Amino acid sequence: MAVQYKMKNLFTKKQYDKLNEYLQSAKQVAIITHTNPDGDAIGSSVALSFILKKLNIDSTVIVSNSFPEFLHWIDGSDKIAVYSKNRHEARNAIKTADLIFCLDFNSLSRIEILENIVRETTVPRILIDHHIEPANDFDLKFSYYPISSTSELVYRIGIKLLGTKMLPKNVAEALFCGMMTDSGAFSHSSSYPDFFKIIANLLDCGVEKDRVTHLVYDNFTENRMKLLGYALSKMTVLQECGTAYITLSREDLKKFDFQIGDTEGFVNYPLSIKGIVLSLLLVEKDDHIKMSIRSQGNFDVNKMARKHFHGGGHLNAAGGKMLCKYENCNTELEKIIKNYEKKLRGI
Ligand code: 5GP
Ligand code: MN
């Protein structure tokens, strides 16, 4: 006999009661997500905005900088207030809000330039996020780290608020995009039945899986594909440490007419090499070197990013920055990696 699988409740009645109380008096909501927004950040934020609309609550999604072209197909993404493009609009949307949702980050430092604007407000802040150890910056937290994505959390909260599992197709596609991208196209952070039950339900809501997958993953420009080839050709492999890393200078990026989002996903490729359990991508920016870090198994890159690279993230996917000169980053990085040699050999 088929067993009816019951979805686990992640949050308490008390949390939902408090959320409803906040929403009842909300007229204009700000939804803010992290700097360098990814598929989960944009998908979850836009979906929440549509869900609030169904509850007759107006909202604006605000981000500090632009997001990649391969996310522009998401319905509602054209309405996002991007601070780096229109400061006045973004600032105003935060200042006039009577409630602020913070999505897909665990500390206000992750919204960079927007942090001070948010700190100047006095309205309640609600966190919906899946990073460990959220900061004390929030009045109500829907925080659960052993889960695929913030989009999955927004799904779970959304169906509770709306009282139905049938979401409009545009909302379902935004959430599907977040769950797909944050799980590396279902390759990690998704090994539990509820994840696929939700995916199945999103398909019931009309998600065109093949179309969405195509829009996200088959959207390289010729330059981006050539930059990937170049990046892989200059990769350094430290076999004895099970590590591979790639560095890209501003010059490199210029040669390939770099557009925001072009290096997204590059950090995953070295993990396909046999024996490689740690992969790092270092990209030179104006005043720092942006890092993306990925691992296999139990090598904790969140801890590594927090300890050495002013960053954080998850067990197997994290980010941060190096503050040294680009010319010295190889040496600096290899020094740090050497400390982990024993651990990395053991995986
Ligand atoms: P990505 O490498 O795709 O930029 O980021 C991977 C993960 O690390 C994401 O979950 C992201 O939230 C986190 N992350 C990326 N950059 C930073 C950072 O500078 N600080 C912190 N705390 N987390 C980061
Ligand atoms: Mn996420």
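The values are calculated or read from the model by the stated rules, or taken from the named source; none is laboratory data. No experiment lies behind these values; they were computed from the predicted model shown. Don't worry about glycine lacking a Cβ; one is built from the backbone with ideal geometry, like all the others, and counts go over all protein chains shown. Each accessible area value is taken on the protein alone, full model and side chains, heavy atoms only, with ligands, DNA and RNA left out. Shrake-Rupley method; radii C 1.70, N 1.55, O 1.52, S 1.80 Å.
Couple of notes before you dig in:
- Relative protection proxy for 43-53, 13-23, 84-94, 313-323, from highest mean packing down: 43-53, 313-323, 84-94, 13-23 (other beta-carbon atoms within 10 angstrom).
- Radius 13 Å from Cβ of Gln24, net charge of other residues (Lys, Arg +1; Asp, Glu -1): -1
- The stretch 168-249 shape via C-alpha gyration tensor axes, a/c threshold 1.5: oblate
- Solvent exposure of the chain as accessible area per residue, Å², 1.4 Å probe: 48 Å²
- Rounded percent of accessible protein surface that carbon and sulfur make up, the stretch 202-311, 1.4 Å probe: 49 percent
- Relative contact order for the chain, counting Cα pairs under 8 Å that sit 6 or more residues apart, in percent: 12 percent
- The stretch 42-75 and the stretch 209-264 have Cα centres lying 26 Å from one another.
- Peptides 267-273, 287-293 ranked from most to least packed by the mean count of surrounding Cβ atoms within 10 Å: 287-293, 267-273.
- Shape of the chain, Cα gyration tensor, a/c cut at 1.5: prolate
- Set Lys290/Lys343; Lys209/Lys274; Lys160/Lys197; Lys18/Lys53; Lys85/Lys255; Lys254/Lys335 screened for pairs whose C-alpha atoms are more than 27 Å apart: Lys209/Lys274; Lys254/Lys335
- Antiparallel beta bridges, as assigned by DSSP with both residues in the chain, represent about 40 percent of the total such bridges.
- In the chain, the calculated helix contribution to ellipticity at 222 nm averages -11000 deg cm²/dmol per residue, counting -39,500 (n - 2.57) for every DSSP H run with n ≥ 4.
- Rounded Å value of the spacing that divides the Cα centres of the stretch 165-184 and the stretch 305-347: 32 Å
- A simple spin-label model places pseudo-atoms 7 Å from Cα toward Cβ; at Asn219 and Asp287 they are separated by 3.0 nm.
- The fraction of all Cα pairs in the stretch 213-347 landing in successive 10 Å bins from 0 to the largest distance is 12, 45, 34, 9, 0, given as whole percents.
- Angle in degrees between helix 193-204 and the longest Cα principal axis of the chain, rounded to the nearest 10: 60 degrees
- The Cα trace of the stretch 13-216 gives Rg and Dmax of 15.6, 44 Å, the first to one decimal, the second as a whole number.
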